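For reference, the structure discussed in these notes is given below.
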Amino acid sequence: MTVQFINFSSTLAGLLILTMAVSQPVFGEPDSNQVKNNIEVEQKTGSKTDSTKEDKVHDREEDGGKRKSFRERQKEKDPNRGRILPIPVFITEPAIGDGLGLVLAYFHPKKGVSDRDRVASLESISKVSQEQEAPPTVTGIFGAYTSNETAAAGVGHMNSFKNDHIRFTGAAAWANVNSTFYIQDNPFKFNLEGVLAYQETRFRIRDSHWFWGIGLSYLSADTAFRVELPDGTPIKLFPNDLKNVGLSGKLAWDSRDNTSMPNSGRLIDLALWRYDDAIGGDFNYWNGRLNLNSFHPFGEKFVLGLRLEYQATSGDAPFFAYPYVKLRGIPALRYQGDRTLVGEIEGRYNFTPKWAMIGFAGSGKVSSDLPIFDTEQSIYSYGLGARYKIFDIQNVWVGIDIARGPEETNWYIQVGQAW
């Protein structure tokens, strides 16, 4: 699930800070005094086994006679432990100014790994490779601020239950956004301040790759435009204060080998949203989206990704709820319409088990019955990027993309696959 209202850009410094952050302590590790007390208790009770003593001698011999720290031994014994990942976000989006954001994400210990199998073996690796990997369990908080006084803060959680038969995603946030809306390619600055909440639950159908799901979206906000809108602009699209509440039904086929950085498989995702005053909103309209992602390995190192997305709206929707082209290198809300179509291709070359380079290109098209969304520009983007596998057990990849659109070039910090 991606909730995108503004595009966050990045620089190479972000990856450096992110890599340094991995060396910080993680939840669940006892302090040095606790370790010392545990060792004293074990010595008094004689609970240590001969094999444990032999392991310690072996550790010292491998390290030139120097005893390994608790942290080093913990990494070897428990690769499944939880991890904290601070993600710095350097914002260079011209529509909202330069700024800085931070996401503090906690990747919970991976589920379904017994104590006996915590250390990987050839048998456990081959078993996992033949099964679909469950999404990581993540809890996070975030905040951001820019030079034009755009600010946002919130919390989110993603989890799976019953052997990945139920998938849950939830988020709540406050935002004060100063951004740009386009009428016939002419920019108009606006402010939107409010709170939003999003929830999605998906249920696997038996043991298949099919999922059905339900969702809820809530937004309560005030809006203001800094200049007068042109004559003939539908005023009902631009309310001063609003509530936008929607319910959704979803159907998906997901055969990807993992959701973080897929190497094979397909995702077919269909969602139909109904926003209605009967459930507390101010607008009555439908929104439908069909997303197709496909991943194809060629040899052991190259993966080809294909993406096709179609979205349409029917009814009386607020200006920001109309579909827009979602491509790296193009700001959110830049190209909107009643209907949007986006196609993208991405090639990834894994030149080591932990490093990968990618190249991508995409194109979009919009159509609308409202003349305010007319555009004379070609809609395209292309770029390059890199990924580094920062957590092996949780299969977490981080990296940077640089993308060029019709009007500007942007940097992005990415966690996993961009789609």
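The values are calculated or read from the model by the stated rules, or taken from the named source; none is laboratory data. All figures in this text were calculated on a predicted structure; none of them were measured in a lab. Here the Cβ is made from the backbone with ideal geometry for all residues, glycine too, and neighbour counts use every protein chain on show.
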Exercise for the section: Please work out if Phe190 is modelled with pLDDT of 90 or more and in contact with a helix residue (DSSP H, G or I) (Cβ under 9 Å, 6 or more places away or on another chain). Expected result: yes
Exercise for the section: Output the residues belonging to the stretch 392-418 that are among the small types (Gly, Ala, Ser), within 18 Å of Arg334 (Cα to Cα) and assigned to a strand (DSSP E or B). Expected result: Ala403
Completion exercise
Counting only residues in the stretch 94-146 that are crowded, with 18+ Cβ neighbours inside 10 Å and among the β-branched types (Val, Ile, Thr), the one modelled with the lowest pLDDT is identified as Ile96
Handout entry: The lone exception for Asp401 - which of (1) in contact with a strand residue (DSSP E or B) (Cβ under 6 Å, 6 or more places away or on another chain); (2) charged (D, E, K, R); (3) surrounded by fewer than 21 Cβ atoms within 10 Å (Cβ to Cβ) it fails
Key = (3)
Fill in the blank from the handout: Note on the stretch 325-358: residues modelled with pLDDT under 95 and part of a strand (DSSP E or B) are Gln336
Practice task
Kindly indicate whether any position in the stretch 321-343 is under 16 Å from Gly416 (Cα atoms) and among the small types (Gly, Ala, Ser).
Solution key: no
Exercise for the section: Of the conditions (1) among the hydrophobic types (A, V, I, L, M, F, W, C); (2) within 23 Å of Phe90 (Cβ to Cβ); (3) free of Cβ contacts under 8 Å to residues at least 24 places away in the same chain, Val396 clears all except one; give me its number. Expected result: (3)
Practice task
Answer yes if at least one residue in the stretch 247-266 is β-branched (Val, Ile, Thr), under 21 Å from the mean Cα position of the chain (by Cα) and part of a strand (DSSP E or B), and no otherwise.
Solution key: no
Completion exercise
Taking the stretch 322-342 and the residues there that are of a type in the set (D, E, K, R) and in contact (Cβ under 8 Å) with a residue 60 or more places away in the chain, the one that is farthest from Gly97 (Cα to Cα) would be Lys326
Handout entry: Candidates Arg334, Arg274 - the one that is surrounded by 17 or more Cβ atoms within 10 Å (Cβ to Cβ), charged (D, E, K, R) and in contact with a Leu (Cβ under 7 Å, 6 or more places away or on another chain)
Key = Arg274
